Amino acid sequence: MASFATTFLLKSGLPSAVVGTLLAMAGLLSCVTQPVLAGWADKAKRFPVPGMMAALSAICSLCCLMLLIRGMPPLATGLLYGLGLWCSDAMMPLLNALYVGYDQGNHCIRFGIARCIGSIASALIALVLGHVIAALGLTWMLILLILFRILCILLLLGYPKIAAVRSEKKTASVCTVSQFFRRYRWYCAAMAGVLFLGMFHAMNENYLIAIVAPFGGDSSQVGTALFISCMAGTGMLLFADNIHHRLSTAWMLRIAGLSFLLKSILFYFAPGISTIYVLELLQMTSYAFLNPAQIYFAGERVSKEDMVKGQAFSTAAYSLGCSAGNFSGGVLLNAGLHTLLLAGIGMALAGTVLLFLTVDKQDAR
């Protein structure tokens, strides 16, 4: 739903600036609500995350179902799609908390294998959707999204009931959102670096249709590029736990930043679609390192009482970056593709520098 948002909304008749604004609003709404949802989850006596995710999935499904109504004005289409994206984004910290909560609740979970399966699914659906949109139109994309969301709801409702995660120590207490910034200053500073990397990544992926267009590409080439990108990261995600045993979380974040920076520079000089396909292989050490490292980093730097909120701040930082990247992409595209790609280099550079300056700093417990 996120990767083809720009393709869907542009084909629905919305101008690029409005598309960027709508996607940015969806991301901003997600960033505001993620810590709120996390705060409620942290205070609950029972572990409420599966139910919360199922409810958000149901809202997302309803939005997609309403988008099937013919003759809907372009702006209404954009608002519904944005609402669906908000629900999807708001689930990400809850998904991370789901892993941590059940893992700490004596349900052994191999994050790398689970995330690897998700990456393979993302790769396959990106490849399929790219060709489905090109051959059959946007309606079938919505139908596939609804079917997968329904499957997601059924799986979530099948999770066992567990108690909320609590630390055995009573020295710490659950903090508010404002207290979180004061309690975890260096952690939040590192998340600013993640924000800039998310900004580049979202702009690069969501406006890939504009990047391949000068080379004669369409949604099928976008689908192929995203398929390569997801599959490239699959192997790394499969062995994420093993890699983490050999590389510290700080170095995983540094390598991710450097990989994003390299990708941004090489994208600027890419001479054709074949080169873009090759550059998507950098997903192995960019997003495939950043995604699990964010979860590990929150687990290492945030106390158990604030576990869900820590994951929410990590994902909210990335979502806020995606929101800013979507908005910036819509505005910068009007100034030309070269401007957009040059701005991407600046975003990746800022994120990498911030991570190098902050990941080794510890907050006082």
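The values are calculated or read from the model by the stated rules, or taken from the named source; none is laboratory data. Nothing here was measured: the structure is a model prediction, and the numbers come from that model. FYI the Cβ positions are ideal-geometry reconstructions off the backbone, even for glycines, and counts take in every protein chain you see. Calculation scope for accessible area: heavy atoms of the full protein, side chains included, ligands and nucleic acids excluded. Shrake-Rupley method; radii C 1.70, N 1.55, O 1.52, S 1.80 Å.
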>> With a 1.4 Å probe and all protein chains kept in place, how do HIS338, HIS131 rank by accessible area, largest first?
In response: HIS338, HIS131
> Just from its helices, what would the mean residue ellipticity at 222 nm be for the chain, if runs of 4 or more DSSP H residues each count -39500 (n - 2.57) and the sum is divided by every residue, rounded to the nearest 500 deg cm²/dmol?
Replying inline: -26000 deg cm²/dmol
>> Let me cross-check LEU28: its accessible surface, 1.4 Å probe, with only protein heavy atoms counted, in Å² to the nearest 10?
In response: 90
>> Using 0.36 nm times the number of residues separating ALA213 and LEU124, minus their current alpha carbon distance, what extension gain do you get?
In response: 29.8 nm
> Lys pairs in the chain, Cα-Cα under 21 Å, at least 8 apart or on separate chains: how many?
Replying inline: 18
>> How big is the dipole moment of segment 216-360 about its Cα centre under a simple scheme where the beta carbon of each Lys and Arg is +1, that of each Asp and Glu is -1, and everything else is neutral? Debye, nearest 20, please.
In response: 120
> Would you list LEU157, LEU237 from the most to the least accessible area, probe 1.4 Å?
Replying inline: LEU157, LEU237
> Just LEU94, LEU156, LEU85 to compare: in a GNM of the chain, with alpha carbon springs under 10 Å, which one fluctuates most?
Replying inline: LEU156
> For the chain, what is the Kirkwood hydrodynamic radius in Å, using each pair of distinct C-alpha atoms?
Replying inline: 20.6
> Just the accessible area for TRP86, please: 1.4 Å probe, Å², rounded to the nearest 10?
Replying inline: 40
>> Would segment 192-261 count as rounded, prolate or oblate if I go by the C-alpha gyration tensor, calling it rounded below 1.5 in a/c and otherwise prolate when a/b exceeds b/c, oblate otherwise?
In response: oblate
>> Only four residue types carry charge here, +1 at the Cβ of Lys and Arg and -1 at the Cβ of Asp and Glu. Report the dipole size of the chain about the Cα centre in Debye, rounded to the nearest 20.
In response: 960
>> From the phi angles alone, apply the Karplus equation (6.51, -1.76, 1.60; θ = phi - 60°) to segment 137-150 and give each ³J(HN,Hα) in whole Hz, x where the residue is Gly or Pro.
In response: x, 7, 4, 5, 4, 5, 4, 5, 4, 4, 4, 6, 5, 5
> Picking from ALA114, GLN283, ALA76, whose Cα lies most toward the positive end of the charge dipole for the chain (charges on Cβ: Lys, Arg +1; Asp, Glu -1)?
Replying inline: ALA114
> How large is ³J(HN,Hα) for each residue in segment 278-294, as worked out from phi by the Karplus curve 6.51 cos²θ - 1.76 cosθ + 1.60 (θ = phi - 60°), to whole Hz, x for Gly and Pro?
Replying inline: 5, 5, 5, 5, 5, 4, 4, 10, 9, 5, 5, 8, 5, 4, x, 5, 4
> Roughly speaking, what is the stretch gain from LEU147 to LEU342, that is 0.36 nm per residue apart minus the C-alpha to C-alpha distance, in nm to one decimal?
Replying inline: 66.3 nm
> How much accessible surface does GLU300 have with a 1.4 Å probe, in Å² rounded to 10?
Replying inline: 80
>> Could you derive backbone 3J(HN,Hα) for segment 50-60 from the dihedral phi with the Karplus parameters 6.51, -1.76 and 1.60 (θ = phi - 60°), listing whole Hz in sequence and x where the residue is Gly or Pro?
In response: x, x, 5, 5, 5, 5, 5, 5, 5, 5, 4
>> Probe radius 1.4 Å, ligands and nucleic acids left out: which of CYS60, CYS108 has the largest accessible area, and how do the rest follow?
In response: CYS108, CYS60
>> Given the options LEU247, GLY233, ASN206, identify the residue whose Cα lies farthest towards the positive end of the charge dipole of segment 185-331 (+1 on Cβ of Lys, Arg; -1 on Cβ of Asp, Glu).
In response: LEU247
>> Could you give the length gained by full extension between ALA135 and TRP251, i.e. 0.36 nm per residue of separation minus their alpha carbon distance, to one decimal place?
In response: 37.4 nm
